[in-house]
Amino acid sequence: MKKLSLVASALLIIFSQSANAELKISGYGSIIAGKTLGTVDDPLNPGQKRDEILTADFYDVGQYNNDLTFKAESILAVQGTYRFNNKLSFTAQLVAKGVDDFKPEFDWYYVTYQANEDWTFMAGRRNIPMYYFSEFAEVGYAYPWMRPPSNLYWWQVTQFDGAHAMYSFEIGDYSNTITAFYGNEYSDDNVEMLYYDKLYGGTARTVNEYWTDIAGFNWNMSGDFFDLRFVYFQNDRDRETIQQDGSISPYTPFSQQFIGFGGQVNISDFTILFDMNYVEYDDAVGTEFPTYLISVVYNIDEFQPYVSYSKADHERSNVPTEDLEEHYMLSYGLRYDFYSNVAFKVQYDTFVDQGDKATGWAYHGDSRTISMGIDFVF
């Protein structure tokens with residue numbers, strides 16, 4: 001708990017010069033417990049059994065197994081925004097995660113310039129706007145589920161240093177915002193990539209992941225009963241796998257393209273949430289990742305029962321084959337808003353790994369997971 005207190009105190013110290021209305025402190029958090037419910041044949045060690053494992057957070061490798069844990073997804077974040085005038089502001093966000101033993105770390109810091117009613121510019125560190133929920137994926141209070149499905153939100157890079165230019169306008173009764181963005185991410189000591197190296201028997205000292213020249217745009221349109229967003233971006237990718245002796249394993253850089261369409265539609269007492277994405281590499285085999293999510297939520301006063309289905313596939317257009325990574329997740333849950341800024345959630349996940357075991361692509365394994373907790377904002 002002493003580490004948790006540092007999260008709040010650090011931002012207060014940073015902005016201590018401003019005890020007036022120019023400084024706004026806000027934040028969010030989640031306290032979540034969960035566990036898997038059985039054992040499976042170890043897909044990477046034939047003939048052996050292991051606990052079911054659900055990777056709830058790929059970026060930080062937050063996982064559930066048969067031992068109850070609060071660490072996989074619990075998080076506390078404090079955000080401070082200092083407004084210099086009516087056009088210019090600075091925002092910093094300090095985050096502490098259970099998977100990192102609640103060690104505080106600044107993950108967002110950026111300057112915002114509101115040029116006029118139509119144009120907004122931001123420069124600094126923020127999340128890459130990949131998926132519909134990317135920019136608030138860690139704010140559990142912002143969506144009905146325990147988490148956005150992790151078999152879609154699975155990339156080893158989620159943030160970048162860069163710039164955004166946003167233009168807002170109206171088309172009839174519909175509000176629109178088009179955002180162009182550009183930046184780079186040099187992810188030294190990448191947790192997810194080091195995890196994969198060890199999973200397949202590697203002994204690397206560290207793995208550095210580089211996403212450079214990240215350039216793209218998204219278009220958000222909203223009306224009375226819907227909110228939709230289209231996104232496209234491309235970037236170059238490189239990786240350094242540094243072995244114990246300091247040598248670097250060979251790696252062939254490539255570029256990728258990401259296309260996505262997601263949103264929500266409200267029909268009577270129901271909310272339909274969806275996200276469809278397609279990633280393509282220009283590597284030698286023509287790697288492709290088609291993924292999608294569909295979820296239906298029933299709104300009953302303070303209660304939101306829901307069902308969610310997400311599917312991810314791995315294909316190769318230049319070397320056609322079906323024997324690669326493939327899996328789906330079926331989730332049932334309930335959200336209960338028992339205060340205006342606090343929600344209780346319980347969720348049951350069935351993860352089915354359809355990957356090819358013979359070639360090592362079924363490394364996730366099947367799992368059944370129960371998790372519950374509270375999400376809050378302040």
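The values are calculated or read from the model by the stated rules, or taken from the named source; none is laboratory data. Predicted model only: the values in this text are computed from it and were never measured. Every residue, glycine as well, gets a Cβ built from its backbone with ideal geometry; the counts of neighbours run over all protein chains shown. Please note that ligands, DNA and RNA were not included when accessible areas were found on the heavy atoms of the full protein model with its side chains. Shrake-Rupley method; radii C 1.70, N 1.55, O 1.52, S 1.80 Å.
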In this structure, does Arg83 turn out to be among the charged types (D, E, K, R), open to solvent by less than 60 Å² (accessible area, probe 1.4 Å) and in contact with a Phe, Trp or Tyr (Cβ under 9 Å, 6 or more places away or on another chain)?
-> no
Do we find a residue being more than 18 Å from Arg125 (Cβ to Cβ) and either out of contact with any Lys or Arg (no Cβ under 7 Å at 6 or more places or on another chain) or aromatic (Phe, Trp, Tyr) (or both) anywhere in region 208-216?
-> no
Counting only residues that are in a loop (DSSP other than H, G, I, E, B), closer than 21 Å to Pro43 by Cβ and open to solvent by less than 70 Å² (accessible area, probe 1.4 Å), which one in region 179-203 is modelled with the lowest pLDDT?
-> Gly201
Can you confirm whether region 170-178 contains a residue that is more than 17 Å from the chain's Cα centre (by Cα), of a type outside the set (Lys, Arg), over 23 Å from Phe258 (Cα atoms) and assigned to a loop (DSSP other than H, G, I, E, B)?
-> yes
Of all residues in region 103-122, which are among the hydrophobic types (A, V, I, L, M, F, W, C) and open to solvent by 50 Å² or more (accessible area, probe 1.4 Å)?
-> Phe106, Val111, Trp119, Phe121
Collect the residues in region 111-162 that are of a type in the set (Phe, Trp, Tyr), in contact with a Gly (Cβ under 7 Å, 6 or more places away or on another chain) and within 30 Å of Gln347 (Cα to Cα), keeping them in residue-number order.
-> Tyr131, Tyr132, Trp145
Sort through Val296, Val265 and tell me the only one that's farther than 22 Å from Tyr363 by Cα and under 21 Å from the mean Cα position of the chain (by Cα).
-> Val296
Criterion violated by Pro253 - all others in (1) under 26 Å from Phe181 (Cα atoms); (2) surrounded by 14 or more Cβ atoms within 10 Å (Cβ to Cβ) satisfied = (2)
Condition test on Phe230, is it closer than 24 Å to Tyr328 by Cα and open to solvent by 30 Å² or more (accessible area, probe 1.4 Å)?
-> yes
Which numbered condition Glu73 misses (of (1) more than 16 Å from the chain's Cα centre (by Cα); (2) assigned to a loop (DSSP other than H, G, I, E, B)) = (1)
Do you know which residues across region 333-347 are assigned to a loop (DSSP other than H, G, I, E, B) and either touching a Gly at 6+ places or on another chain (Cβ under 7 Å) or open to solvent by less than 80 Å² (accessible area, probe 1.4 Å) (or both)?
-> Asn341
Residue satisfying all of: in region 362-373; open to solvent by 60 Å² or more (accessible area, probe 1.4 Å) and of a type outside the set (Asp, Glu); farthest from Asp41 (Cα to Cα) among these | Met372
